[in-house]
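> What follows is a single structure, and I will ask about it in a moment.
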């Protein structure tokens, strides 16, 4: 019997079924239209079975125990057509995925990965999406260099153009360099925005110091003399001097007959001596 500290560290022995129920009680597959649910469930179950070192002959029974609703009905149908007691894990996985994650959906996911580009995603978001979809095209990312090249090719042009000259050969190096470049670009953009705001504030303060615009023609606020409607009307009316320059014959002449009168008395056309003769 263990004593002292040994008693505190001793764990009760549980069989595989008990471990499975404790660890993945919430990991139940109900089936349905969500294709990724079945694939993710299968991936999680495999990890648990591997960690628990569950033998091959017990894996199918333990995994099928976690099926619920539609998935459980599907399994009941399989049991009526096949002897599942002798089914190995690979057969179970192939049957389940072919029903809940069909080949057409896998091809669609593969095409989505091949054409994946960064667009408006951050480098971190793009890397997460790249990793998620890469399992559907293992031949495209068969080794580390192929994986790095595929990721680099999907980066935005302004980032890819700065990553390419480094000739990086591993996926982790490309991701790390892209993150550095993205951070530097964001910092440069932040400084430009800060300087732009300062310039706008300085310009606004200068305009305020000048005060409102006032017209020297009419005295109103809001426009200058050259924009004043009153000034523009006057500009089209000729002055007295301009009028005289346009009519030079009138300048200095008096109306006809005006020279024959002086202070209201008519000037005689004959000399006084003419009447004496």
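The values are calculated or read from the model by the stated rules, or taken from the named source; none is laboratory data. This is a predicted model, so every value here is computed, not measured. Reconstructed Cβ throughout: ideal geometry from the backbone, glycine too, with neighbour counts over all protein chains shown.
> Residue 155 is checked against (1) assigned to a helix (DSSP H, G or I); (2) under 24 Å from residue 171 (Cβ atoms) and fails just one. What number does that condition carry?
That leaves (1) as the condition not met.
> Next question. Give segment 60-86 a look and list any residue that's in a loop (DSSP other than H, G, I, E, B) and surrounded by fewer than 18 Cβ atoms within 10 Å (Cβ to Cβ), or say none.
The initial filter retains those residues of segment 60-86 that are in a loop (DSSP other than H, G, I, E, B), namely 65-66, 68, 82-83.
Those that are in a loop (DSSP other than H, G, I, E, B) and surrounded by fewer than 18 Cβ atoms within 10 Å (Cβ to Cβ): 65, 68, 82, 83.
> Sticking with this one: Filter segment 153-178 down to the residues that are more than 18 Å from residue 143 (Cα to Cα) and more than 22 Å from the chain's Cα centre (by Cα), then identify the one that is surrounded by the fewest Cβ atoms within 10 Å (Cβ to Cβ).
So the residue we want is 165.
> Being under 19 Å from residue 135 (Cβ atoms), within 48 Å of the chain's Cα centre (by Cα), modelled with pLDDT of 90 or more and assigned to a helix (DSSP H, G or I) narrows it down to one of 94, 37, so name that one.
Answer to the check: 94.
> Could you say which residue among 137, 128 is out of contact with any helix residue (DSSP H, G or I) (no Cβ under 9 Å at 6 or more places or on another chain) and either exposed (fewer than 14 other Cβ atoms within 10 Å of the Cβ) or outside any helix (DSSP H, G or I) (or both)?
Only one candidate passes the filter, namely 128.
> Taking residue 107 as the residue in question, decide whether it is loosely packed, with under 14 Cβ neighbours inside 10 Å and either in a helix (DSSP H, G or I) or under 43 Å from the mean Cα position of the chain (by Cα) (or both).
yes
> Check segment 174-187 and report whether any residue there is within 26 Å of residue 43 (Cα to Cα), part of a helix (DSSP H, G or I), touching a residue at least 12 places away in the same chain (Cβ under 8 Å) and not assigned by TED's automatic domain parsing to the domain that holds residue 35.
Within segment 174-187 (the criterion being within 26 Å of residue 43 (Cα to Cα), part of a helix (DSSP H, G or I), touching a residue at least 12 places away in the same chain (Cβ under 8 Å) and not assigned by TED's automatic domain parsing to the domain that holds residue 35), the answer is yes, since at least one residue qualifies.
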